[in-house]
Amino acid sequence: MFCTGSIFSPMRTVAHVDMDAFFAAVEQREDPTLQGKAVIVGGSGNRGVVSTCSYEARTYGVHSAMPMSQARRLCPKGIYLPGRMELYQRVSEEIFEVLASFTPLVEAASIDEAFLDLTGATHFFSSLQELGEEIQRRIAKKVALTCSVGIAPNKFLAKLASDWKKPQGLTIIQSESVEAFLRNLPVEKLWGVGPKACEKLHRAGFATAGELAQAPMGKLVSLFGKGGKVLWELARGHDARPVEVEREAKSMGQEQTFPEDLPVDATRPTLARLAAKVGARLRAEGFVARTITLKARYANFETVTRSCTLASPTQDDDQIFEIAWDLLTQLPGGRKYRLIGVTASRFSGSRQLSLFEEPAKEELLSTMDKLREKYGKQAIVRGRELGGR
């Protein structure tokens with residue numbers, strides 16, 4: 001969570017490294033004929049969404065999280081690829097090896113971005129400019145990809161800075177220039193402010209971070225509850241969160257063997273219950289997971305596993321179940337299952353969330369956990385968990 005207090009910790013230097021159009025850039029690297037073309041990576045079918053697109057595709061209005069059907073209308077001549085998560089994960093691991101050569105304090109924000117606490121590394125370089133350029137140079141040498149880097153006194157400002165001059169940008173925010181940097185910043189650029197929150201702020205007469213910084217905190221609290229205080233702090237450049245290194249635990253999983261072999265549809269309630277248990281354990285331990293793995297054992301005892309690595313980590317039952325079910329239904333049809341299991345792995349202790357557009361879901365999950373803790377695990381269950389043998 002965001003913390004209040006002094007704007008900067010003494011002598012603190014934080015970098016945010018964000019790969020440029022990562023999935024699309026990897027595809028262009030692997031196939032040079034795709035260079036300079038509109039490449040869109042994402043799910044296929046009418047319900048698929050854009051995971052990442054090249055900067056050439058963005059000139060047509062395509063962006064991540066857009067429905068694929070809309071992207072095809074905007075960019076009919078684009079090159080549409082389903083994505084290769086295992087490849088992206090291997091490249092990501094190489095990138096994080098480079099980042100670890102600068103500091104052991106690396107927090108993975110997603111598969112293609114990270115925060116680095118560089119406080120103890122700055123004396124190796126003549127300037128922050130040189131340090132940022134060296135990060136970009138080593139990554140380019142290792143994986144032949146570009147990244148954007150922001151360097152600032154805290155995580156929030158470093159994230160803003162990395163997004164300032166994409167692609168291949170390098171922006172440095174010194175402590176003495178924070179107020180000037182934020183003064184005319186549009187409110188929609190603040191971390192966590194989505195379209196709905198932006199609309200509400202505009203209706204209340206706020207257009208810039210500078211205007212928010214001058215407003216009474218109580219006014220923002222009346223608009224957004226606890227999120228209003230966070231927003232008020234961000235508008236002043238306050239963010240005392242530390243860079244959190246990945247935790248020690250490796251994985252959390254649940255599996256079940258059936259008393260009789262079942263066709264895939266009959267396993268759905270069980271898979272839902274397993275996903276709910278994994279999600280509850282993640283929340284109880286304060287973890288979020290970047291990789292979800294399905295384990296399936298056929299009637300002949302042959303066992304297979306399939307994994308999906310997420311761009312942003314999760315502890316949400318719904319997302320865990322949807323991923324696991326999708327992986328299960330992609331297996332060859334017509335076979336029966338003796339066992340299924342769900343495992344979450346690649347943990348971290350924090351994640352980037354919308355402050356204003358997801359609290360209802362977070363509160364729902366928290367309420368369900370509390371009810372189960374007080375009245376038993378069967379006190380409240382989702383409809384999809386009912387049934388099965």
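Of the strands (runs of 3 or more DSSP E) lying entirely inside the range 230-344, the ones with 1 or more residues being free of Cβ contacts under 8 Å to residues at least 60 places away in the same chain and closer than 22 Å to Ser110 by Cβ are found at 288-298, 303-314. Looking only at residues in the range 202-249 that are polar (S, T, N, Q) and loosely packed, with under 15 Cβ neighbours inside 10 Å, the one that is modelled with the lowest pLDDT is Ser222.
Among the residues of the range 163-180, the ones that are surrounded by 19 or more Cβ atoms within 10 Å (Cβ to Cβ) and without any contact (Cβ under 8 Å) to a residue 24 or more places away in the chain come to 3 in all. For the range 177-184, the count of residues that are modelled with pLDDT of 90 or more and within 25 Å of the chain's Cα centre (by Cα) is nonzero.
Here the range 310-339 is the region considered, the condition is being of a type in the set (A, V, I, L, M, F, W, C) and out of contact with any Lys or Arg (no Cβ under 6 Å at 6 or more places or on another chain), and the residue that is farthest from Thr293 (Cα to Cα) is Ala311.
Evaluation of Thr270 against the conditions (1) buried (at least 18 other Cβ atoms within 10 Å of the Cβ); (2) within 27 Å of the chain's Cα centre (by Cα) shows that the sole unmet condition is (2).
If only residues of the range 301-321 that are modelled with pLDDT under 85 and not hydroxyl-bearing (Ser, Thr, Tyr) are counted, the one that is nearest to Asp261 (Cα to Cα) is Phe301. Annotation note: of Glu94, Glu130, Glu113, Glu56, the sole residue that is closer than 26 Å to Glu30 by Cβ and out of contact with any strand residue (DSSP E or B) (no Cβ under 8 Å at 6 or more places or on another chain) is Glu94. Of all residues in the range 278-300, those being at pLDDT below 85 and of a type in the set (Gly, Ala, Ser) number 2. Going by what's in this entry, would Gly192 be described as assigned to a loop (DSSP other than H, G, I, E, B) and under 21 Å from the mean Cα position of the chain (by Cα)? The answer is yes for Gly192.
The values are calculated or read from the model by the stated rules, or taken from the named source; none is laboratory data. All values reported here derive from a predicted model rather than from experimental measurement. As a convention, Cβ positions derive from the backbone with ideal geometry for all residues, glycine included, and neighbour counts pool all protein chains shown.
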